[in-house]
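To start, the structure itself, in structure tokens.
The values are calculated or read from the model by the stated rules, or taken from the named source; none is laboratory data. Bear in mind the structure is a predicted one, so any value in this text is a computation, not a measurement. All Cβ positions, glycine included, derive from the backbone under ideal geometry; neighbour counts span all protein chains shown. These area figures cover heavy atoms from the full protein model, side chains too; ligands, DNA and RNA do not enter into them. Shrake-Rupley method; radii C 1.70, N 1.55, O 1.52, S 1.80 Å.
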Amino acid sequence: MNLVSMKKILITGGAGFIGSHVIRLFVNKYPEYTIVNLDALTYAGNLENLRDIENAPNYSFVKGDITDESFINQLFTDHSFEAVIHLAAESHVDRSILDPLSFVKTNVIGTAVLLNAAKRSWKDMEGKLFYHVSTDEVYGSLGETGFFTEETSYDPRSPYSASKASSDHLVSAYYHTYGLPMVISNCSNNYGSHQFPEKLLPLMINNIVHSKPLPVYGKGENVRDWLWVNDHARAIDVIFHQGRLGETYNIGGFNEWKNIDIVHLLCSIMDKKLGRADGESAKLITYVKDRAGHDMRYAIDATKLNKELGWEPSLQFEEGMDKTIDWYLANEGWIQSVTSGSYKQYYEQQYTSR
Ligand code: NAD
Ligand code: DAU
């Protein structure tokens, strides 16, 4: 698709982890685009993540909730967006187990509200695009072998992945039923700076720094495919500009790790960085009750994206981890601000007497 003439883009969830990296890339790389960041600033959204670009002339922020239909319709009327990159979501599997309905509300209803607003405002669909950012978790769980491809049937297992699968189906339905131009990408686990410390890597980094127990679910044998968040943002850029309408693209790092191995790797890198004796941080590893319905293995086959659009990860995992750990060590103030308040309550509910 040719989006060279594209001028005004709505990015939802831009104050979150991946959204902030996508916004930074688009604001800096495309000064000719106007980027509007719409975010409800839930516990996971933080404008600190965008301090460096908040005064850029092609960037503005709007606080609002994607489930608020009249507000969203008005926003589309006021702005005449030519494209949407939709990242806003409830994103944490463990929270979806505690409170599934809030995931249905934001991820399913919120996506439907945005799709409807785009359909209403795009009388002429030519040159428009609804880019839906999704997850590999919609495909379910793999055994020891095999990969998820774009042809793999959906088989979501958690309230989070079921809500994301529903949102993917809605996007697809709007394409087939109303001709709404769309593209979907399904990505594996991201790591990098500004990730909320409810997720495995920043939680473990923070706990290692403070010599707190490192809660590994079950036997730690579940496998995830890790990708540097900036490489996800690069993939979104490429798909946004060159992807084929109506298509799905899988994004992954070809980088599978068992949870326990990645935690040991973190411990050994951090022992060196913190001047601790080799093996000291690993003593903090504590096996805890498994996550309900814990998917065993995710692995993405990103061949389509590589062959069609030439994308591949730019960083080796060890280098990415090194940069990531350095960022968290250098930004203790950021960690402190996001772990004060409601995080403490969440942590207690999730981990105390688990
Ligand atoms: P995140 O939880 O860090 O950020 C989500 C953002 O959405 C926050 O800024 C939050 O304030 C905002 N938000 C939540 N509910 C909202 C609402 N009702 N209205 C407006 N804004 C709202 O999530 P993330 O990890 O950055 O993930 C972003 C997207 O990428 C999600 O759609 C997620 O499903 C998808 N994804 C994430 C990963 C990953 O590894 N983190 C991998 C693949 C896909
Ligand atoms: O695969 C993409 C998905 O990756 C995204 O769609 C989700 O938004 C994102 O949260 C992530 O989901 P996971 O459930 O895989 O990520 P999380 O960091 O929560 O957990 C990674 C693995 O580590 C998982 O197997 C559970 C395990 N884990 C997690 C936490 C928080 C632990 O063992 N201990 C923990 O404390």
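A few remarks follow.
- Surface accessible to a 1.4 Å probe, Arg24 within the full protein complex, Å²: 50 Å²
- For segment 52-201: Kirkwood Rh in Å [reciprocal of mean 1/r, alpha carbons]: 16.8 Å
- For segment 1-125, the share of alpha carbon pairs falling in successive 5 Å distance bins from zero is 2, 11, 21, 23, 20, 14, 6, 2, 0 percent.
- Calculated on alpha-carbon atoms, Rg and Dmax of segment 237-323 in Å: 17.9, 54
- By a 1.4 Å probe calculation restricted to protein chains, His194 has an accessible surface near 30 Å², given to the nearest 10.
- Modelled spin-label separation between Lys344 and Ser102, with each label point placed 7 Å from Cα along the Cα-to-Cβ direction: 1.8 nm.
- In the assembled protein chains, Glu69 presents an accessible area of approximately 100 Å² (probe radius 1.4 Å).
- Of the peptides 204-214, 295-305, the ranking by mean beta-carbon count within 10 Å, highest at the top, reads 295-305, 204-214.
- Across all C-alpha atoms in the chain, the radius of gyration and Dmax reach 19.8, 64 Å.
- The helix-based estimate of mean residue ellipticity at 222 nm for the chain, built from -39,500 (n - 2.57) per DSSP H run of four or more residues and divided by its residue count, is -12500 deg cm²/dmol to the nearest 500.
- Accessible surface for the chain, divided over its residues, is 42 Å² per residue with a 1.4 Å probe.
- For segment 168-241, the Cα-based Rg and Dmax, in that order, read 17.5, 54 Å.
- Arg291 paired with Leu265, simple spin-label distance in nm, labels 7 Å along Cα-to-beta-carbon: 1.8 nm
- Difference of contour (0.36 nm per residue) and Cα-Cα distance, Lys29 to Arg120: 29.8 nm
- Distance from segment 259-275 to segment 36-62 (C-alpha centre basis), Å: 32 Å
- Full extension of the segment from Asp78 to Thr352, taken as 0.36 nm per residue of separation minus the current Cα-Cα distance, would add 93.9 nm.
- Hypothetical label at Asp155: residues of segment 275-317 whose amide nitrogen lies under 17 Å (7 Å Cα-Cβ projection): 293-301
- The candidates Glu198, Glu151, Glu256, arranged from most to least accessible area with a 1.4 Å probe in the full protein assembly, appear as Glu151, Glu256, Glu198.
- Cα pair count fraction exceeding 21 Å, expressed as % - segment 107-186: 31 percent
- If you take the Cα centroid of segment 129-178 and the Cα centroid of segment 283-353, the two points sit 21 Å apart.
- In nm, spacing of pseudo-spin labels at Lys8 and Glu247 (7 Å Cα→C-beta vector): 2.9 nm
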